[in-house]
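Student: The structure that follows is given in the form of structure tokens.
The values are calculated or read from the model by the stated rules, or taken from the named source; none is laboratory data. Because the structure is predicted, anything quoted here is derived from the model rather than measured. As a convention, Cβ positions derive from the backbone with ideal geometry for all residues, glycine included, and neighbour counts pool all protein chains shown. With ligands, DNA and RNA removed, areas are computed over all heavy atoms of the protein, side chains included. Shrake-Rupley method; radii C 1.70, N 1.55, O 1.52, S 1.80 Å.
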Amino acid sequence: TEYAEFLHCKGRKFTDFDEVRQEIEVETDRITGVNKGISSIPINLRIYSPHVLSLTLIDLPGITKVPVGDQPPDIEQQIRDMIMQFISRENCLILAVTPANTDLANSDALKLAKEVDPQGLRTIGVITKLDLMDEGTDAREILENKLLPLRRGYIGVVNRSQKDIDGKKDIKAALLAERKFFLSHPAYRHMADRMGTPYLQKVLNQQLTNHIRDTLPGFRSKLQSQLLSIEHEVEVYKNFRPEDPTRKTKALLQMVQQFSVDFEKRIEGSGDQVDTLELSGGAKINRIFHERFPFELVKMEFNEKELRREISYAIKNIHGIRQVLPITGLFTPDMAFEAIVKKQIVKLKGPCLKSVDLVMQELINTVKKCTKKLATYPRLCEETERIVAGYIREREEKTKDQVLLLIDIQVSYINTNHEDFIGFANAQQRSSQVNKSAVGNQVIRKGWLTINNIGIMKGGSKEYWFVLTAESLSWYKDDEEKEKKYMLPLDNLKVRDVEKSFMSSKHIFALFNTEQRNVYKDYRFLELACDSQEEVDSWKASLLRAGVYPDKSSTENDENGQADNFSMDPQLERQVETIRNLVDSYMSIINKCIRDLIPKTIMHLMINNVKEFINAELLAHLYSSEDQNTLMEESAEQAQRRDEMLRMYQALKEALAIIGDISTSTVSTPAPPPVDDSWLQQARRSPPPSPSTQRRPTLNNPPTRPLSGRGPAPAIPSPGPHVGAPPVPFRPGPLPPFPSGGEALGGPPQVPSRPTRAPPSVPR
């Protein structure tokens with residue numbers, strides 16, 4: 001049964017096409033009023049019939065030059081914008097409709113089509129009202145594409161007259177009358193088989209076929225790539241058997257094994273899913289061991305002012321009421337030295353425990369990332385994360401106990417016979433300067449940094465390529481290192497933090513000279529900026545290797561005069577300096593030992609232990625924690641995803657099979673060769689009123705509310721039981737989404753020619 005549906009009347013089927021016509025009129029009046037108003041809201045109508053082509057017909061209005069009724073003053077521009085909105089789409093065919101009794105060179109339809117389709121590949125000329133031409137004239141040369149040619153030529157049609165419409169002449173009879181006209185007219189009979197509405201339908205159908213055929217290769221490639229992208233995941237789902245009693249056991253074993261492998265790969269660094277955005281897993285732990293931990297140690301260690309004060313107090317307190325004697329055989333620095341050293345060693349507990357905390361947090365983050373693959377089973381994911389995180393925290397406590405034990409062991413016995421210890425005699429002759437850890441002038445680090453404190457008048461902040469060696473910090477214009485901008489020696493330099501400005505997203509640190517000299521040109525500080533705090537910490541660690549230490553006291557003015565705050569006694573000063581050198585020598589031994597032992601302790605007691613637990617004991621803990629059926633209960637989202645993936649996989653395979661059939665069974669025609677259509681540019685810029693406004697018998701309806709007698713409609717069916725169904729127009733409006741790729745070609749927009757005719761009657 002043939003029927004029609006309106007988008008604004010969802011669920012209602014119209015089988016009487018008189019009701020369809022009436023609904024169009026009612027909806028038009030409801031939106032635009034009854035005084036020739038306009039609206040860009042379309043009336044969407046779909047007609048279902050086995051006798052019509054699958055095309056979308058967009059029935060557009062002719063251009064109105066003079067506003068009438070409630071029409072706005074810019075009615076011409078508004079209608080033009082509506083038309084351009086549709087015909088500019090590449091998947092639209094343009095039916096440029098022009099009455100035969102007007103000047104074709106001034107056709108608005110052809111001019112608009114030329115603007116959006118300069119090659120003429122989408123434009124088909126349609127000549128109407130051939131039966132109304134003056135006696136003795138015809139359009140033969142135009143229809144033969146000799147006069148004013150178009151690339152796709154012209155097709156002539158003869159629609160019903162107003163008298164035919166008033167007399168209820170149906171479409172079937174109108175098509176027969178059209179056929180008779182072309183066969184009987186001496187100017188057109190030789191091309192009658194290429195004229196008329198049925199031939200126009202055939203041409204449109206062929207263009208749709210061509211379009212589909214042209215888009216098939218790209219569409220097939222897209223479908224194949226989609227199929228390949230989901231094939232791996234579908235392979236897992238294909239073997240899914242919900243009724244299999246061993247399914248849950250197998251899945252549990254596989255999931256735990258996969259979790260174990262993923263965790264080990266993330267720690268050892270051989271993972272197949274490499275994070276390219278940030279450091280994680282083993283790489284971040286390695287950074288904690290070799291950059292963050294040494295930096296924390298040095299930050300804690302170098303507080304010169306406080307250390308000298310403590311040594312001075314220790315010497316005085318050890319002598320008690322007795323006078324401090326000159327440095328002779330009677331002076332023994334052992335007691336003061338041991339007191340100071342033990343206090344310094346105890347301070348190492350903070351950085352050591354902090355490194356344990358950082359590693360523990362990174363292990364837990366790694367576990368969370370690895371459990372994402374268990375999201376199919378929410379309870380299993382939660383339990384695995386809970387059990388492993390709980391075990392990591394247990395190991396954290398034991399590791400901290402062992403770290404504290406290592407510090408206590410160092411405190412318990414001060415080995416002054418160590419081969420690297422300078423001894424009392426050398427301490428008196430040696431300066432307090434700490435030797436640089438970097439040897440020679442080797443390159444320690446390279447990278448981009450921004451010099452932040454250069455004023456706008458001198459060029460403003462700018463990014464340079466920095467090269468840090470054991471002796472200097474140089475920067476270049478770019479990473480090719482050809483144009484050196486400056487080389488800064490590292491002697492007497494220290495590094496300090498700078499507060500980030502609320503206007504800046506950069507993280508800043510500064511270099512300055514301890515002797516109050518300018519660091520760079522006339523700047524006391526050289527402020528360097530990075531994009532992240534991690535990058536700042538990394539540069540600080542690299543500077544530390546080069547012997548540039550962090551500044552602990554911003555109020556320090558003169559290191560040589562600090563001891564004067566405690567005593568002006570030169571004898572005491574010499575003793576302070578001697579013990580300071582002894583402490584420095586011994587603490588370098590302790591630091592070297594701690595920097596080596598703490599990472600090994602953490603690795604053994606935490607990381608390796610957690611890996612062994614996951615490999616050997618996690619499965620047993622999961623079995624004992626909860627019932628297996630509860631653990632392996634699949635999430636509703638996962639079940640839905642599995643069904644969707646299987647459906648999509650099947651649909652893609654069917655689509656590829658269908659495309660294979662289409663590509664071998666369709667016949668396409670090549671595009672016609674280009675023609676000389678320069679006449680369109682030479683036409684007058686001010687054409688006469690649109691053909692749709694001529695020969696108008698009445699003004700009952702505004703031109704923006706066309707009825708179904710206007711213009712040729714490619715969806716007009718061939719003779720058959722449906723013939724009473726008129727082609728249904730609608731008010732133009734916002735462009736609906738067009739099909740993409742290989743979907744059906746959007747129907748051709750049509751410029752109507754007879755907007756005021758009444759629609760035909762329903763066939764008997």
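Student: Quick test of your reading of the structure: Gln361 fulfils all but one of (1) assigned to a helix (DSSP H, G or I); (2) open to solvent by 50 Å² or more (accessible area, probe 1.4 Å); (3) at pLDDT below 90. Name the failing condition by number.
Tutor: (3)
Student: Now a separate question. Please list, ordered by residue number, the helices (runs of 4 or more DSSP H) wholly in the range 558-633 having 3 or more residues that are modelled with pLDDT of 80 or more and out of contact with any Cys (no Cβ under 6 Å at 6 or more places or on another chain).
Tutor: By residue number, 570-602, 609-616, 618-625.
Student: Could you check how many residues of the range 505-519 are open to solvent by 40 Å² or more (accessible area, probe 1.4 Å), of a type outside the set (Gly, Ala, Ser) and within 39 Å of the chain's Cα centre (by Cα)?
Tutor: Summing the residues that are open to solvent by 40 Å² or more (accessible area, probe 1.4 Å), of a type outside the set (Gly, Ala, Ser) and within 39 Å of the chain's Cα centre (by Cα) in the range 505-519 gives 2.
Student: Another question, if that's okay. Among the residues of the range 1-45, what is the count of those that are open to solvent by 60 Å² or more (accessible area, probe 1.4 Å) and in contact with a Phe, Trp or Tyr (Cβ under 6 Å, 6 or more places away or on another chain)?
Tutor: Total meeting the criteria: 2.
Student: Go through the range 15-49 and give me each residue that's in a loop (DSSP other than H, G, I, E, B) and at pLDDT below 85.
Tutor: Gly33, Val34, Asn35, Lys36, Gly37, Ile38, Ser39, Ser40, Ile41 - these are the residues of the range 15-49 that are in a loop (DSSP other than H, G, I, E, B) and at pLDDT below 85.
Student: Considering only the range 65-110, how many residues are of a type outside the set (A, V, I, L, M) and part of a strand (DSSP E or B)?
Tutor: 3
Student: Applying the selection to the range 54-74, what residues are touching a residue at least 12 places away in the same chain (Cβ under 8 Å), open to solvent by 50 Å² or more (accessible area, probe 1.4 Å) and under 44 Å from the mean Cα position of the chain (by Cα)?
Tutor: Ser54, Thr56
Student: If we keep just the residues of the range 140-165 that are modelled with pLDDT of 90 or more and of a type in the set (Gly, Ala, Ser), which is nearest to the chain's Cα centre (by Cα)?
Tutor: The qualifying residue nearest to the chain's Cα centre (by Cα) is Gly153.
Quick grid of which residues meet (1) open to solvent by less than 20 Å² (accessible area, probe 1.4 Å); (2) modelled with pLDDT of 70 or more; (3) not assigned by the TED database to the domain that holds Leu493:
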site: Lys446; (1), (2), (3): no, yes, no
site: Leu449; (1), (2), (3): yes, yes, no
site: Asn453; (1), (2), (3): no, yes, no
site: Gly459; (1), (2), (3): no, no, no
site: Thr469; (1), (2), (3): yes, yes, no
site: Leu473; (1), (2), (3): yes, yes, no
site: Lys477; (1), (2), (3): no, yes, no
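Student: Looking at Leu227, Leu252, which is the one that is over 30 Å from Glu362 (Cα atoms), at pLDDT 80 or above and open to solvent by less than 80 Å² (accessible area, probe 1.4 Å)?
Tutor: One residue alone meets the criteria, Leu227.
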